[in-house]
Each structure stands twice: as structure tokens, then as C-alpha cells.
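Data block below; observations after.
Just so it is clear, none of the values below were taken in a lab; they were calculated from the coordinates. This one's a predicted model, so the numbers in the text were calculated from it and none came from an experiment. Cβ coordinates were reconstructed from backbone atoms using ideal geometry, including for glycine residues, and neighbour counts include every protein chain displayed.
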Amino acid sequence: MRMLVAVLAYNEAEIIEKVIAAAKRALDAEILVIDDGSQDGTQAKALAAGVRCISLPVNAGIGVAEQVAFMVAAEEGFEALIRIDGDGQHPPEALPLIAATLAEEDADLVVGSRYVNGYRQPHGKLRRLGTRFLSAMLRASCGVAVTDATSGFRGYSRRAIEVFACDYPDDFPEVEAILDAGHMGMRVREVPMAALGREYGDSVIKPSVAVYYMSKVSLSIAVGVLRKLTGSHRRETAKREA
Amino acid sequence: MPLEQTIAGIAIGAAMALLVLELLRRKALKERYALLWLVLAAVIIILSIEGTVLKKIADLMGIRYAPTALFLIGLLFVFTILIHISVVLSRQSRSYYLLIQQIAILEEKVRRIEGTEAQDEGPGEETGAGMPDMTGKA
């Protein structure tokens, strides 16, 4: 199975080489760094590590950057895509498991979860509560049961690649992507992974961002339900997959 | 409607129209986005001159003080214009992101092609990856 590993990076020059090296060791696949407009020479470091690197001219947000990976994978005929964050928070050891699940289990979206199989993770109570809330909302709205809806470590099948190359949320895309996948009848699976925590840089979630995050994602789930009720997502699915 | 109110209404409407026209003249505003503002200015002027129309509208809505209806109509217009602008903004951000993505993909493609060409000229092996010496950011 021809597989592409997309490493998403924003100002990760200090650690990107380590992430690339670990990913290379873990899985035999082509690696593509998507640099979301870094100003610290992340691109140079990635190229020096001997992998392809696509750099957005400005910092446009994680969804916009990730969609580039879908576009490239769609155009170049990759059968599967795995997204991993460039800050070292995702354990590369989970790459083979995600790859195998994509290849064997006929899954369209494989999510690396910090919560299955008894893995404990370093997040606070509030964050855990938020994740639980989102999981419950997802289950109620599209019937997909995941324990770690916000995890950015995930694998996509060819079908998911083609769909998301055309339409993907701009910011905080993780939960919405599961919602879309659920509404479109894709098969979503979860595999366990350990959470390593960011090795460098600040945590992305500030209180103001957290409030925006929860509001935005809740709204998009509600709108998703509305679209399902009015049948607009079905028409769009047909159009997107045509 | 008292004369002062009529004059004030006309003045506000005219000032709005003049501002929009001046922005159009300087090409700071596109005609497409100026139309709704001009319509609002026209409505304010017309309703100020034709007090009876405003009175009728106010009566219909159960508003005793007619000028209040003028404010309400103006507010609804502004609401419509802002929603319109938000829709335009959403559409434009989508095109903007698409452009960024396409530029980035093309830039990498060019870098790779230039890399292979440079390798064809000199000695070197095919890596399929970008040339490490092309590190400059656009």
C-alpha cells in the first residue's frame, strides 16, 4: 500500500529533525513535511533531513495546512495518508499500528487515541471533560464513538483523502473531520497510543482559545446535525464523490 | 414630522451617500458593495421627506413615535449589509486559503524540478526529494 506520512509543523525547527528521523525508523513510507508558514527555518531543517517539504507562504492554520497533504496525496495517487504533528507529541511507534489498521481493517479514518487501553495522559481535568463532551456530542450526532476526538494523530484511506482534498475545515479540524466522516458513512476506528506531550514550544490551548475551540466545534456539530436533518449533506456527499 | 427631523434625516442620508460616492470615486470601494449602502441612504432620505409613508409604517408596527420606525428600518438594513459582508468574507477566506495552498504546492514542485535539473547537469543520484540547498523562503 502506497502510504504518505504528513508531518504538520509550525515553528518546530528545534525538533522537526528528530520527529522525521523517528517517523522514518518507525515506518517505511514517503514523508512530507507541511510547514504552516514557520519563521524559524523549519523548512530548511526538514529539507536537510532529506524529506519533501511544502511551505505555506503565511501561517494559515492547521486545517489549511493539513488539507495540502490531502491535495498532494490525492494528486499523486497515494492509497493512504497518516498525519502526525511536528512538535513531537505523537509517538512515532504508533505509526505501524495506524498503517496496519488502514491496510487490513478496511477503515477510512483511524484515530490515535490517548484514552483507549488504559493509557493515561498528562491533560488536566477540564480538558478531559471537554474531550468527553465532544465525544458524547459526536456519538449523538453522527453515531461515531471515539474516545479521543481531538487527537491529531490519524490515518486516512484513499476515500477520505479524496473527500478531504476537496473540503476540509480551516481551523481546529479534528472533530469536524470525524463528524464529516460519520455523516458520509466512512468507517472510523481508534487505536491506542501514548501521549508524549509537547517537547518544545507553548501549549496551543490558551483559555481564550479553549473557549473559542469548544464554541466553534460545538456549533459545527450542531450545524452538522442540521445539515443531516435537511438532507444537504447527502446531496453534497453525492456531489463530492462524483 | 417636524421640519427639524426632516432636515436631520435628509442630512444624514445625504452625508452617507456622499461618503459612499467619495469612496467609489477614490476606488476604495467596489460598486458591488456600495449598492446596499446607497439604497439605505436613499431610503432614509425618502422616508424623511415623505413623512406620511413613515407614519403608516410606524402605525403598522404599532410604533407611536414615527422616527423610531426610521431607526428600526435603518438597523435592519445595517443587519442585512453586515450579514452580506460576513458571507462575502467567508467566501473570500476560502479562495485565499486555496491560493495559499496552490502556491505552496507549486513552489515545492518547482523546487523539485529545478533540483532534478541541477542533478542532471552535475553528478548526483536521484532522491526524489527537494534539493537541500534550496532553503530560501518565498
For this session: Among A:Ser157, B:Ser93, rank each residue by its count of other Cβ atoms within 10 Å, from fewest to most, as a rough exposure measure.
Result: B:Ser93, A:Ser157
For this session: Provide Rg over Rh for region B:1-67; use the alpha carbon set for both Rg and the Kirkwood Rh (inverse mean inverse pair distance).
Result: 1.10
For this session: Loop only per DSSP, at most 13 neighbouring Cβ atoms within 10 Å: give me the GluC sites (Glu not before Pro) in region A:1-85, ordered by residue number.
Result: A:Glu76
Seminar exercise, completed: For A:Phe172, other-chain or 5+-apart residues with amide H closer than 5 Å (H placed, Pro excluded) are A:Ile62, A:Gly63
For this session: Can you tell me the equivalent ellipsoid semi-axes for chain A? Use √(5λ) from the Cα gyration tensor, largest first, whole Å.
Result: 26, 21, 18
Exercise. Among the chymotrypsin sites (Phe, Trp or Tyr not before Pro) within region B:1-98, which fall in a DSSP loop and have no more than 14 other Cβ atoms within 10 Å of their own Cβ?
Worked result: B:Tyr65
For this session: Using the charge dipole of region A:96-181 (Lys, Arg: +1 at Cβ; Asp, Glu: -1 at Cβ; taken about the Cα centre), state which of A:Leu109, A:Gly124, A:Ala99 has its Cα farthest towards the positive end.
Result: A:Gly124
Problem set entry | Under-5 Å amide H pairs with A:Glu30, H placed in peptide plane, nonlocal only | A:Met3, A:Val5
Problem set entry | Sum of -39500 (n - 2.57) over DSSP H runs of 4+, divided by residues of chain A (222 nm, nearest 500) | -14500 deg cm²/dmol
For this session: Compute the acute angle (0 to 90°) between the alpha-carbon long axis of helix B:66-121 and the principal axis of greatest extent of the alpha-carbon atoms of chain B; round to the nearest 10°.
Result: 10
For this session: For region A:1-101, build the convex hull from the C-alpha positions and give me its volume per residue in Å³.
Result: 86
Exercise. Per 5 Å bin, what is the whole-percent P(r) computed from every C-alpha pair distance within region A:119-181?
Worked result: 4, 16, 26, 24, 18, 8, 4, 1
Exercise. Whose amide H sits under 5 Å from the amide H of A:Ser113, counting only residues 5 or more places off or on another chain, with H placed in the peptide plane?
Worked result: A:Val191, A:Met193
